[in-house]
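Engineer: One structure, as structure tokens, below. Some questions next.
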Amino acid sequence: MTTPPAALINSDVFDQALADIAAIEDPVARDKAARALQTALAEAIAEPLTRTKAVRQQAVLELRRTLTLAKVAEQLGLSVGRVDQLAKGK
């Protein structure tokens with residue numbers, strides 16, 4: 001992978017949002033704002049995770065055309081069970 005994971009989000013924007021939340025004096029309001037940020041982050045990453053999962057599944061299915069589950073598992077450094085799950089889109 002050429003892009004470091006931390007670079008996939010704008011850390012400056014996140015850091016500022018978190019600092020703004022941390023500065024909220026009322027603990028109830030601070031908690032609500034933090035939960036809202038967590039929800040926004042989860043929603044923002046859901047679709048990219050789904051797309052990434054599809055790319056992994058396609059790679060496994062491509063390997064499965066010519067290799068056994070055990071050989072695919074060996075090449076990917078995964079268990080046979082995990083390779084089977086990936087092939088099934090889980």
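Engineer: Show me, for region 15-25, the HN-Hα J-couplings you get by feeding each phi into the Karplus relation (A = 6.51, B = -1.76, C = 1.60, θ = phi - 60°), rounded to Hz, glycine and proline as x.
Structural biologist: Here the 3J(HN,Hα) series is 4, 5, 4, 5, 5, 4, 5, 4, 7, 5, 6 Hz.
Engineer: Shifting gears a bit: Which of the trypsin sites (Lys or Arg not before Pro) found in region 12-72 are loop residues per DSSP with 12 or fewer other Cβ atoms within 10 Å of their Cβ?
Structural biologist: Here the sparse-neighbourhood loop sites are Arg65.
Engineer: Let me ask something additional. Could you work out the relative contact order of the chain, using alpha carbon pairs under 8 angstrom and six or more residues apart, expressed as a whole percent?
Structural biologist: Relative contact order comes out at 19 percent.
Engineer: Quickly estimate the mean residue ellipticity at 222 nm for the chain, helices only: each DSSP H run with n ≥ 4 gives -39500 (n - 2.57), and the total goes over all residues, rounded to 500.
Structural biologist: It lands at -24500 deg cm²/dmol.
Engineer: Output wanted: per-residue J couplings in Hz (rounded whole) for region 29-37, from phi through Karplus 6.51 cos²θ - 1.76 cosθ + 1.60, θ = phi - 60°, x for Gly and Pro.
Structural biologist: After applying 6.51 cos²θ - 1.76 cosθ + 1.60, I find 5, 5, 4, 4, 5, 5, 5, 5, 5 Hz.
Engineer: How many Å² of accessible area per residue for the chain, probe 1.4 Å?
Structural biologist: 77
Engineer: At 1.4 Å probe size, with the rest of the protein present, what percent of the exposed accessible area of the chain is carbon and sulfur atoms?
Structural biologist: Carbon and sulfur atoms account for 59 percent of the accessible area of the chain.
Engineer: What length, rounded to one decimal in nm, is gained on full extension from Ala36 through to Arg56, with 0.36 nm per residue of separation minus their alpha-carbon distance?
Structural biologist: Value of the extension gain: 4.2 nm.
Engineer: Separate question: Taking the Cα centre as origin and putting +1 on Lys and Arg beta-carbons and -1 on Asp and Glu beta-carbons, what dipole magnitude results for the chain, to the nearest 20 debye?
Structural biologist: Charge dipole of the chain: 820 debye, to the nearest 20.
Engineer: For Glu74 and Leu18 in the same chain, what is the full-extension length gain: residue separation times 0.36 nm, less their Cα-Cα distance, in nm?
Structural biologist: Gain on stretching Glu74 to Leu18: 16.0 nm.
Engineer: Let me ask you something else. Pull up the cross-link candidates among the lysines for Lys88, meaning alpha carbon to alpha carbon under 23 Å and not fewer than 8 places away within one chain.
Structural biologist: Qualifying lysines at Cα under 23 Å: Lys53, Lys71.
Engineer: A further question follows. Residue-wise, which Karplus ³J(HN,Hα) couplings in Hz belong to region 54-65, taking 6.51 cos²θ - 1.76 cosθ + 1.60, θ = phi - 60°, and x for glycine or proline?
Structural biologist: Karplus-based 3J(HN,Hα) across region 54-65 equals 5, 5, 5, 4, 4, 4, 5, 4, 5, 5, 5, 4 Hz.
Engineer: So if each residue of separation counts as 0.36 nm, and I subtract the Cα-Cα distance between Ala44 and Arg65, what length gain in nm does that give?
Structural biologist: Here the segment from Ala44 to Arg65 would lengthen by 4.2 nm.
The values are calculated or read from the model by the stated rules, or taken from the named source; none is laboratory data. Because the structure is predicted, anything quoted here is derived from the model rather than measured. A quick note on method: Cβ atoms are made from the backbone with ideal geometry, for glycine too, and the neighbour counts reach across all protein chains shown. Surface accessibility is based on the protein's heavy atoms, side chains included, excluding ligands, DNA and RNA. Shrake-Rupley method; radii C 1.70, N 1.55, O 1.52, S 1.80 Å.
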